[in-house]
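Since every read-out is calculated from the coordinates, none of them should be taken as a lab result. What you see is a predicted model, and the numbers here were worked out from it, not measured in a lab. Note: ideal-geometry Cβ built from the backbone for every residue, glycine included; neighbour counts use all protein chains shown.
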Amino acid sequence: WQMLVGDRTLFGVLLISSLFWFLGGVLLQTVNAFGKNQLEIGDSRTSILSASIGFGIAAGCALAGKISRSRIRFGLVTVGSWGLVFGLCCLAGLGLGVFESRHVEWLAWFVLIELGLSAGLFVVPLQVFMQTRPPAEQKGRMIGAMNLINWIAILAASGFYALCAVLLNPVSWTFGVLAVLLLPVAIFYRPARQNKSS
């Protein structure tokens, strides 16, 4: 705790990371409800929608690693956050009937892959920074603190999703709410570029 309080950059990265996991926790539940209840495409095809996110995340993480090389490039967090905002707005639009209904499922697959790609770009610099910034004797504690805060955020996501499910109809409005929550990060979050430490 003393280390986090004394290192504002590290503490800020931890908070942004926990926001990422919070959004992810809400997103997966919303995608399931979107596919099964709003698009009415059944369990199997809804699972493919969810899997599209994972495919995009793998690609985004690989791309972030390739771009970053020996540096922690926080600019990728900005690129990823704008990509997430864009994708979430597109999903909200799909759910609200902006596009022709027979194409919604296909478009949702592509948007969810884009969301995953953006998520990979967003999270890799944060994770690497939190694992390399602390001194050697604190690295294990930092990873433990990171996991604790992230799981608290995921737990909070369940309650937030339940609230959205009650208040928002159709469920796709939740995608728009997530975009609004992430927008300040896209606009204002600009930590300095960092070298990786051992």
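Given 0.36 nm per residue, what is the gain on full extension from Leu28 to Val180 after removing their alpha carbon distance, in nm? Can you show the working numbers first?
Values: separation 152, 0.36 × 152 = 54.72 nm, distance 1.72 nm.
Residue separation times 0.36 nm, minus the Cα-Cα distance, leaves 53.0 nm.
Out of the stretch 25-122, which trypsin sites (Lys or Arg not before Pro) are coil in DSSP terms and have no more than 12 other C-beta atoms within 10 Å?
Working: sites: Lys36, Arg45, Lys66, Arg69, Arg71, Arg73, Arg102; in loops: Arg69, Arg73.
Answer by residue number: Arg69.
What chymotrypsin sites (Phe, Trp or Tyr not before Pro) does the stretch 1-91 have in DSSP loop regions with at most 12 other beta carbons within 10 Å? Write out the running numbers ahead of the final one.
Values: sites: Trp1, Phe11, Phe20, Trp21, Phe22, Phe34, Phe55, Phe74, Trp82, Phe86; in loops: Trp1, Phe74.
Listed in order of number, the matching sites are Trp1.
Using 0.36 nm per residue, how much length does the chain from Asn147 to Val166 gain when fully extended, once their Cα-Cα distance is taken away?
Working: separation 19, 0.36 × 19 = 6.84 nm, distance 2.93 nm.
Between Asn147 and Val166, full extension yields an extra 3.9 nm.
Based on the alpha-carbon gyration tensor of the stretch 35-140 and its eigenvalue square roots a ≥ b ≥ c, which shape applies: rounded if a/c is under 1.5, prolate if not and a/b is larger than b/c, or oblate?
Working: a/c = 3.08, a/b = 2.38, b/c = 1.30.
Prolate, because a/c is 1.5 or more and a/b exceeds b/c.
If contacts are Cα pairs under 8 angstrom and at least 6 residues apart, what is the relative contact order of the stretch 1-110 in percent?
Details: 33 pairs, mean separation 23.3, N = 110.
Result for the stretch 1-110 is 21 percent.
Note down the net charge around Ile53, summing +1 for each Lys or Arg and -1 for each Asp or Glu among other residues with Cβ under 15 Å from its Cβ. Could you put the intermediate results ahead of the total?
Numbers: positive: Arg45; negative: Glu105, Glu114.
Within the 15 Å Cβ shell, the charges total -1.
Using per-residue counts of other Cβ atoms within 10 Å, averaged over each peptide, order 59-65, 153-159 from highest down.
59-65, 153-159
Taking the convex hull of the alpha carbon atoms in the stretch 98-198, what volume per residue do you get, in Å³?
Numbers: hull volume 13.3 nm³, N = 101.
Hull volume normalised by residue count: 131 Å³.
Where the centre of each part is set by its Cα atoms, how far does the stretch 148-172 sit from the stretch 1-70, in angstrom?
14 Å
Gain in length, Ile154 to Leu63, computed as 0.36 nm per residue apart minus the alpha-carbon separation, to one decimal in nm? Provide the component values of the computation, followed by the final result.
Details: separation 91, 0.36 × 91 = 32.76 nm, distance 2.54 nm.
Here the answer is 30.2 nm.
Would you mind checking which residues have amide H under 5 Å from Ile72's amide H? H placed 1.01 Å from N; only 5 or more apart, or other chain.
Gln194, Asn195, Lys196
With only Lys, Arg, Asp and Glu charged, each at its Cβ (+1 for the first two, -1 for the last two), find how big the charge dipole of the chain is about the Cα centre; round to the nearest 20 debye. All intermediate terms of the calculation are to be shown ahead of the outcome.
Working: 14 positive and 7 negative charges, 179 e Å.
For this selection, approximately 860 debye.
Between [x] 1.06; [y] 1.15; [z] 1.30, which matches Cα Rg over 2.2 N^0.38 Å calculated for the structure shown?
Step by step, Cα Rg over 2.2 N^0.38 Å for this structure corresponds to label [x].
With contacts defined as alpha carbon pairs under 8 Å and 6 or more residues apart, what's the relative contact order of the chain in percent? Show your work: numbers first, answer last.
Working: 266 pairs, mean separation 74.7, N = 198.
Relative contact order here is 38 percent.
Filter the chain for me: DSSP H helices, axial length by Cα at least 20 angstrom, mean Kyte-Doolittle hydropathy not below 1.6. List them by residue number.
On the way: long enough: 8-33 (38 Å, 1.43); 42-68 (40 Å, 0.79); 75-95 (30 Å, 1.73); 104-132 (42 Å, 1.47); 139-167 (41 Å, 1.30); 173-188 (24 Å, 2.37).
What comes out of the filter, once short or polar helices are dropped, is 75-95, 173-188.
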